[in-house]
Amino acid sequence: MAADDPTILVVDEEDVTDLYTTWLENDYDVRSAYEGESALELLDDGVDVVLLDRRMPGLSGDEVLSEIRDQDLSTRVVMVTAVKPDFDILDMGFDDYLVKPVLKDDLHQVVEGMLTRVDYDGHLQEYFALVSKKAVLEAEKDAEELSQSEEYQALIEEVHQLRQQVDHARASLSDHEDFVGAFRDLG
């Protein structure tokens, strides 16, 4: 590993953490933790992306996520979990959400996407996080549930408002590849 390789923190049960670490260690500097307290000990400004399970012994992934956001670190957080998303995710500060089982290529793709986002302006990062939450809910909930949810309707409005701000930030992307990478999730 080169000293300037991006740093990924993987936090899950031992077998899963070890598997994800093996998948990622040839391309990134990978730190591994098997529970929440250890994850927080390994967390610092050098961590670019955290892959975090929601259900863990001791501190839950939700609690670890809250602590990460309280520390005001610029790290991107991907929840990688067997917990099916529900409307509670709207109040969580993650950047993306993967439901297990996760394939190696999917894990690499989400890490690369998060690394691209690290450089984006704050509004753009917030926009991506909200669009990810919207996509997750739309994949898991039927149209009737979505239409009856005040939280989901508020999310739609917030996405619309941020989209206007993002349109201005989009002009600052350095090249076509950055643009394509930034907006490939939108549809």
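Take the stretch 55-65 and flag every residue that is more than 13 Å from the chain's Cα centre (by Cα) and without any contact (Cβ under 8 Å) to a residue 40 or more places away in the chain. Talk me through it step by step, then tell me what you get.
Restricting attention to the stretch 55-65, the residues satisfying the condition of being more than 13 Å from the chain's Cα centre (by Cα) are 55-60, 63-64.
If the condition is that a residue be more than 13 Å from the chain's Cα centre (by Cα) and without any contact (Cβ under 8 Å) to a residue 40 or more places away in the chain, then Arg55, Pro57, Gly58, Leu59, Ser60, Glu63 are the ones that fit.
Are any residues in the stretch 62-76 of a type outside the set (S, T, N, Q), open to solvent by less than 70 Å² (accessible area, probe 1.4 Å) and in a loop (DSSP other than H, G, I, E, B), and if so, which ones?
The answer is Leu73, and nothing else.
Being within 19 Å of Val110 (Cα to Cα), in contact (Cβ under 8 Å) with a residue 40 or more places away in the chain and part of a loop (DSSP other than H, G, I, E, B) is the filter; apply it to the stretch 77-90 and report the residue that is most open to solvent (accessible area, probe 1.4 Å). Spell out the reasoning first.
Of the stretch 77-90, the ones within 19 Å of Val110 (Cα to Cα) are 77-85, 89.
So of that shortlist, the ones also in contact (Cβ under 8 Å) with a residue 40 or more places away in the chain come out as 80, 84-85, 89.
Checking which are part of a loop (DSSP other than H, G, I, E, B) leaves us with 84-85.
Working: Lys84: 126, Pro85: 6 Å².
By that ranking, first place goes to Lys84.
A quick yes/no check of all residues on (1) over 22 Å from Glu140 (Cβ atoms); (2) touching a helix residue (DSSP H, G or I) at 6+ places or on another chain (Cβ under 7 Å):
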{"residue": "Thr22", "(1), (2)": "yes, no"}
{"residue": "Leu42", "(1), (2)": "yes, no"}
{"residue": "Glu67", "(1), (2)": "yes, yes"}
{"residue": "Gln71", "(1), (2)": "yes, no"}
{"residue": "Val78", "(1), (2)": "no, yes"}
{"residue": "Val110", "(1), (2)": "no, no"}
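Here is a list: Leu124, Leu155, Leu107. Which entry is farther than 23 Å from Arg54 by Cα, touching a residue at least 40 places away in the same chain (Cβ under 8 Å) and buried (at least 19 other Cβ atoms within 10 Å of the Cβ)?
Checking each option against the conditions leaves just Leu124.
The values are calculated or read from the model by the stated rules, or taken from the named source; none is laboratory data. The model shown is predicted, which means the values in this text are computed figures rather than measured ones. Don't worry about glycine lacking a Cβ; one is built from the backbone with ideal geometry, like all the others, and counts go over all protein chains shown. Calculation scope for accessible area: heavy atoms of the full protein, side chains included, ligands and nucleic acids excluded. Shrake-Rupley method; radii C 1.70, N 1.55, O 1.52, S 1.80 Å.
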